[in-house]
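Here the structure is laid out as structure tokens; the discussion comes afterwards.
Rule-based calculations on the coordinates, nothing more; no lab input. Fair warning: this is a prediction, and the values are worked out from it, not measured in the lab. Note: ideal-geometry Cβ built from the backbone for every residue, glycine included; neighbour counts use all protein chains shown.
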Amino acid sequence: MIEARNLVKTFPARGGLLAQKAVQAVKGVSFVIPDGGAVAFIGESGCGKTTIGRILSGFETYDSGEIYYNGEDLSALPPRTRQERLRKVQLIQQDPYAALNPARTIYQSLAAPLSWEAKRRHKEKGWIERRAREVLELVGLNPDVVLGKYPHMLSGGQRQRIVIARALTVEPDVLVADEAISMIDVSLRLGILTLLQTLRRDYGIALLFITHDIAAARYIGHDGRMYVIYQGEIVEEASTDELIRSPVHPYSQALLSAVPVLRGLERPGQDRYIPLGEFSVTETSGCRFAPRCRFAHDLCQKEKPPLIPWEQEDHRHACHFPTPRRVVAEPLEGHS
Amino acid sequence: MIAEQLPQPTTSAATLRRPSFLSIAWRVISARPSRMLGLAIIVFFALMAIVGPFLYPHNLPINPNAIYAPPSLRYPLGTDFEGTSNLALIVTGARYVLFAALMAALFTVFFGTSIGLVSGYFLGPTDTILMRITDFILTIPGFPLLVVLSTVWNFGQPIAMGFVLGITGWGGLARAVRSQTLSLRERGFVEAARGLGLPWWHIVFQEILPNIGPYIAMNLLVSITGGIYAEVGLFYLGVVPFHVNNWGVMLNLAVFTGGALQSPQALPYLLSPLVCILLLTLGVVLFLDAMDEMFNPRLREG
Amino acid sequence: MSLYDLAPTAEDAGIHIQNLTVSYDTDRGRFNALKNVTLDIRPRHITGFIGESGSGKTTLAMAMMNAIQPPGRIDGGAILLDGAGDVLQLRGEPLRRLRGRYFGFVFQASSNSLNPLKRVGAQLMDLGRSHGISDLRGLLREAKALAERIGLDGDRVLTSYQHELSGGMRQRVGLVFALVLKARILILDEPTTALDMLTQQAVLEIVRSIHQEQGLTTIVITHDMGVVAEMADRVVVMYAGRVVEEGPTFSLLTNPQHPYTQGLIRAIPRITGNLDDAKPLPGSPPDLATIPTKGCVFRERCYARTSVCDTVDPVPTSAHGDGLVMCHGVDAS
């Protein structure tokens, strides 16, 4: 189990000619990833969800807050030990084309982590290849076909499966999938989602699914939990089904509205709305979403709404005027 | 689950064992006649360097009756100022020239690559220190340094010559390798390797290095020709004392004592090393084109 | 059936593709990227081209502008553009003028089609000059108006460099470039692939309204059925260089005939309904080198494969009223 409390990450200012202001990418985020659970972070590009995933998989440090990994406070550990602990949290990157070394065969890519694993556990030589075949079969690829291939000989879907297989070589507790399907042909996306689902169900690997595609997040764990993130803050959180059924924050509603409607098969939700404005980081004392919110009042510009429960304890939101709206498309009769 | 299995299964032994590097190299080279020609030229000179000195006595015979003789059956490339066969001089002189150039190239590539890789991967203070050293090396004028060194150092051994040429020549390569490493280290696969807990030497030498393999291989070849030019140039200018017979010495003697630029009689003496250098360069250039394909799997098997 | 069934005017630019075959020369031989494509693209409609990578949808769009680059080659066929004749017969300057007058092309959102070293405004003036427009000031004014119309700060954008714009903004700038020269035909190649959902919807919304307002012929190339379902009037489903199904969006979505179309629709994770209804499409996207030369190209991934699929090429059968489908399974029934 991973528990994060009040995580804060600021990227330092860059001086010189291209001077940039310091950017606070994550502004005090708390969440829990239970063992074998499914958690989704939803938000636009630039909202900070990727940074959280990178902190969890050990690629970024954090400025303040705590991360408890199976009860152990990682913040207290020296960086090296912390990274060692976080090895069991594996990041699946967005771009399967960049994630595999073009100059090495699939076998070489898998054997590298496995041979360290073999050394650590004093396994014999044949173990590496056996295990490489095992993980490939686990992700639905035929080892005889792919082991000797180079990445450029495989399709995007196959590559992403190999990236997942490589992550499995360290027997992870958590897979962090950062937009893991957005660069793959739509026709193959579902296959990857099904694979992640299976890994969770059969091997108890928890999933942190970072995406802007709520439908995909739902597919991976409708029994899981969803956190909607806007400009580095959680604006709404609930169980996945609950959040899709009755979102109360206008930003969650906008994200849900943006899911394409299959005309003929679905009817758009009657309150559907898409904000046209661009995502821009502005400092404000009020609600950060207010400049784009069509329901914003004076209060929203002045006062920052706290994250408080809505009806049930585990559905929380940060909006002064939470209102359930019907924004999700509904299936038409006969075409469910 | 088994959504993307490819239909045709092959035998398991064949999949892991890639065709050996030599067989790949042969396929790439034999694909074009120009590469074959390049390889043939390189092999020809390499053989000359290895076997050459054994074909002739240690002290080449002189012939006072055939000074600056034109090419003939007995002297296919003519003779020099003492009536020694130019062919014999070329053949016996090849070893020093080629060995020194090879050494120079190996030193250049070894230092340039490892310093560039380490500097580009670690950044920070490591990078600063290594790049300062590189800049220092880049600003050393290699030629004058050699001239100075030659007063205290005996360049009779090709390895000494190669070492000095290499030690002054790796700066540019180190900078180039560093900049390639800088872009590669940001790639997903390097990050993934870090996330998998692989140690830095694995990442640098197993993940990053193979991706600049073609570039380094080409640099090695180009450095060889560069090394030949540099040392031949040194001997030609006469700034390095001649201890042994080699192509550069021949050029020097042909021009400065034979007067090959004024009178035609020493021309064969001048032209034979010159043509050899040009021929070898041609061979390297023709062969160069095979390097990219040999080391780049994407080009190798389309 | 169409949303805006207006009487055609002289400005309407329909495209009639006849028997188009395009091939690519590769190390492994010459392959057909498009084979015998015959298709009518209607004016004042948004036509969505959908297919996986390697289906030939981008090649088809490039062929419409006669812009296939080597190693590609147009082997045969004709592309008749209303009011301009066969585009494939044109070369050089007349072709360039025709492209400038008729076509606006918006590249993939992920690709950086802008020059990183020049301000957007300067690039726009270059574009105007290359099209022989004398009133560059007017062009800038129009571009600014257009930019503001689609939710951009006109002055800011025109004085920006590419890296100062976000993905969604770049895509909108691409739209401005395509539209400011008064193109009649707007081609969008994967307009939203690298964008997040909110930005995607905003871009689609903008395209839709401009299309309607200016009476354009719009072509959207995508691999996302969701994008097509949101905005297209008609859908062309492509597989391995063939049009396998074509028809009005509504009918095609509710009653897909070709097993491939059915698979594509089923493969979309949906926000509502039963999770188990979604099924991955089996197999890999088509590889030009390995697609069969005889018989149905989709048969390896088809659930309804019969022996006739291996030997006989399916022929177009009328479907969806004024559309078509190419499948033996449909012929039989």
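Volume per residue for the range C:74-124 equals 140 cubic angstrom (convex hull of Cα atoms).
Taking only the Cα atoms of the range B:73-182, the ratio Rg/Rh comes out at 1.19, with Rh defined as the Kirkwood radius. A Förster distance of 51 Å, applied to the separation of the beta-carbon atoms of A:D241 and C:A78, puts the FRET efficiency at 0.40. Ordered from longest to shortest, the equivalent ellipsoid semi-axes for the protein assembly as shown are 59, 36, 29 Å, each the square root of 5 times a Cα gyration tensor eigenvalue. Between C:I291, C:I219, C:I50, the residue with the greatest mean-square fluctuation in the GNM of chain C (Cα pairs under 10 Å linked by springs) is C:I291.
Taking 1.567 mPa s as the viscosity and 4 °C as the temperature, the Stokes-Einstein diffusion coefficient of the range C:33-119 based on its alpha-carbon Kirkwood radius rounds to 87 µm²/s. Annotation for the range B:121-150: chymotrypsin sites (Phe, Trp or Tyr not before Pro) lying in DSSP loop with at most 15 further Cβ atoms inside 10 Å of their Cβ do not exist.
Loop-located GluC sites (Glu not before Pro) in the range A:120-164 (DSSP state other than H, G, I, E, B) with a sparse environment of at most 15 neighbouring Cβ atoms within 10 Å: A:E124. Annotation: cysteines of chain C without a disulfide-compatible partner (Cβ-Cβ under 4.7 angstrom) are C:C302, C:C327. Summing Lys, Arg as +1 and Asp, Glu as -1, what charge do residues with Cβ under 15 Å from the Cβ of B:L288 carry, B:L288 excluded? Combined, the nearby Lys, Arg, Asp and Glu give -1. At q = 0.09 Å⁻¹, what base-10 log of I(q)/I(0) does the Debye formula yield for chain B when every alpha carbon is treated as an equal point scatterer in vacuo? With one equal scatterer per Cα and no solvent, log10 I(q)/I(0) is -0.58. In plain terms, the chain from C:Y303 to C:T26 could stretch by 96.6 nm, reckoned as 0.36 nm per residue minus the Cα-Cα distance. Convex hull volume of the Cα atoms of the range A:2-245, normalised per residue: 144 Å³.
Against chain C, whose longest principal axis is taken from its Cα atoms, helix C:197-214 shows a tilt of about 80°. Over the protein assembly as shown, DSSP H runs of length four or greater, each weighted -39,500 (n - 2.57), average out per residue to a 222 nm ellipticity of -13500 deg cm²/dmol. Among A:F41, C:F250, a tally of other beta-carbon atoms within 10 Å of each Cβ gives an order, fewest to most, of C:F250, A:F41.
Out of every Cα-Cα pair that the range C:177-333 contains, those further apart than 21 angstrom amount to 53 percent. Considering all C-alpha pairs of the range A:125-188, those separated by over 18 Å amount to 38%. In the elastic network of chain A, a GNM with C-alpha springs shorter than 10 Å, the most mobile of A:L114, A:L91, A:L208 is A:L114. Using only the C-alpha atoms, the convex hull of the range C:122-181 corresponds to 69 Å³ per residue. Of the chymotrypsin sites (Phe, Trp or Tyr not before Pro) found in the range B:205-253, no site is in coil according to DSSP while having at most 11 other Cβ atoms within 10 Å of its Cβ. Among C:S55, A:S257, sorting on how many other beta-carbon atoms sit within 10 Å of each Cβ, with the fewest leading, yields A:S257, C:S55. Between B:F122 and B:N154, the distance separating the two model label sites (each 7 Å from Cα on the Cα→Cβ line) works out to 3.8 nm. Seen against the Cα atoms of chain B and their longest principal axis, helix B:158-169 is set at about 50 degrees. Comparing mean-square fluctuations of A:Q158, A:Q93, A:Q108 from a GNM of chain A with C-alpha springs under 10 Å, the top value falls on A:Q108. Out of every Cα-Cα pair that chain C contains, those further apart than 31 angstrom amount to 34 percent.
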